[in-house]
Amino acid sequence: MSNRNDTTDFHAIASAIEARGFCVVPDFLGRDEIDFLVEEFDVCPDYSAPPQDKRSAGLRGDQPATGALRENAMGRKETYQRIRPRMEAFAQGVTGAKAALYQILYLQTPITDLPVHQDTDQFFLTAFNPTHLNFWIPLVKPSRTEAGLRLIPWDRLGEQSPRLLNLCRHSGASFMRSLRDGGTWYVSDWSGVHWVDEDLELEEVIETPELGPGDLLLLSHNTVHTTQTTDDRRLAVSLRTCDPETPIDWHRVVGSPTPHRMSHLAGRSRLNFPVFQHIQANDFGATLGDLVPTLTGERE
């Protein structure tokens with residue numbers, strides 16, 4: 001992939017992410033790069049739990065299903081090898097730290113329809129880490145104003161609910177719901193905290209950036225967001241980068257007492273289960289960099 005970083009104002013991008021949690025970079029991908037990633041989607045494996053045994057593997061089949069409404073998919077090693085240099089160089093420009101591309105996840109509507117939340121799996125992997133970024137890029141999108149992501153900026157959340165900002169700003173793995181009689185319910189899958197802000201209305205703080213195919217929505221990994229609309233097909237790719245020297249705490253990966261997390265791990269998460277297997281085999285000591293070949297399929 002081509003390198004378009006020469007004229008990028010990384011300081012402005014980093015400042016926007018610190019103040020608001022996200023930044024839009026127009027025309028981040030060229031047409032050839034978009035086409036490559038769309039083609040990869042049809043041959044990448046599904047992002048669902050791995051089979052529990054050989055019999056279930058045979059029933060599921062080991063080939064990805066293609067088509068507009070197939071399951072969400074995860075990048076294969078060939079995808080990583082082609083796009084890694086550009087993604088890691090850009091992330092280093094933004095954070096000033098080393099960067100490792102450790103996850104490529106394809107998401108599409110109407111399959112994907114997520115509530116207001118902070119990402120769970122990725123947060124349990126690294127906890128809060130300012131070098132941890134989410135490159136969210138639409139590849140197929142019917143309109144610049146539809147089928148995107150809706151986000152809650154840190155600055156607007158702080159103006160409306162300082163308490164909720166404090167709960168979210170350096171945390172993650174949570175979701176929020178609008179209450180029938182007004183107000184917002186916050187639940188943390190990380191800490192187990194439940195809290196109600198009777199004065200906060202989510203619709204009053206949410207923003208929806210306009211994005212077309214190839215535009216980059218760069219987010220802090222714990223920015224609060226939700227799916228915008230799900231009636232039309234939208235295919236997007238989410239690429240995750242973080243400092244490879246980030247230590248992985250196996251207690252954090254597998255030890256959460258919350259029911260949602262226990263249920264998720266019981267299904268053998270595509271992200272966290274291989275992490276646990278690797279660190280178990282290495283006396284429970286690992287960094288993100290140690291895990292990257294396992295997560296990307298490059299460790300045979």
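With the condition kept exactly as written, say whether any residue in the range 221-238 is among the basic types (Lys, Arg), outside any strand (DSSP E or B) and touching a residue at least 40 places away in the same chain (Cβ under 8 Å). Yes, the range 221-238 has at least one match. The combined condition, being at pLDDT 90 or above, surrounded by fewer than 17 Cβ atoms within 10 Å (Cβ to Cβ) and not in a strand (DSSP E or B), is not fulfilled by Asp113. Considering the range 154-196, the residues that are surrounded by fewer than 18 Cβ atoms within 10 Å (Cβ to Cβ) and among the acidic types (Asp, Glu) include one that is farthest from His225 (Cα to Cα), namely Asp181. Are any of the residues in the range 75-90 under 22 Å from Gly289 (Cα atoms), at pLDDT 95 or above, assigned to a loop (DSSP other than H, G, I, E, B) and more than 16 Å from the chain's Cα centre (by Cα)? Scanning the range 75-90 turns up no residue that is under 22 Å from Gly289 (Cα atoms), at pLDDT 95 or above, assigned to a loop (DSSP other than H, G, I, E, B) and more than 16 Å from the chain's Cα centre (by Cα). Suppose the filter is in contact (Cβ under 8 Å) with a residue 60 or more places away in the chain, touching a helix residue (DSSP H, G or I) at 6+ places or on another chain (Cβ under 7 Å) and closer than 23 Å to Gly148 by Cβ; does Gln118 pass it? Yes. For the range 131-168, taking the residues that are small (Gly, Ala, Ser) and free of Cβ contacts under 8 Å to residues at least 60 places away in the same chain, the one that is farthest from Glu207 (Cα to Cα) is identified as Ser161.
Considering only residues in the range 92-110 that are more than 15 Å from Gly289 (Cα to Cα) and not polar (S, T, N, Q), the one that is surrounded by the fewest Cβ atoms within 10 Å (Cβ to Cβ) turns out to be Gly96. In the range 224-237, of all residues being surrounded by fewer than 20 Cβ atoms within 10 Å (Cβ to Cβ) and not β-branched (Val, Ile, Thr), the one that is nearest to Lys77 (Cα to Cα) corresponds to Arg233.
The values are calculated or read from the model by the stated rules, or taken from the named source; none is laboratory data. What you see is a predicted model, and the numbers here were worked out from it, not measured in a lab. Cβ coordinates were reconstructed from backbone atoms using ideal geometry, including for glycine residues, and neighbour counts include every protein chain displayed.
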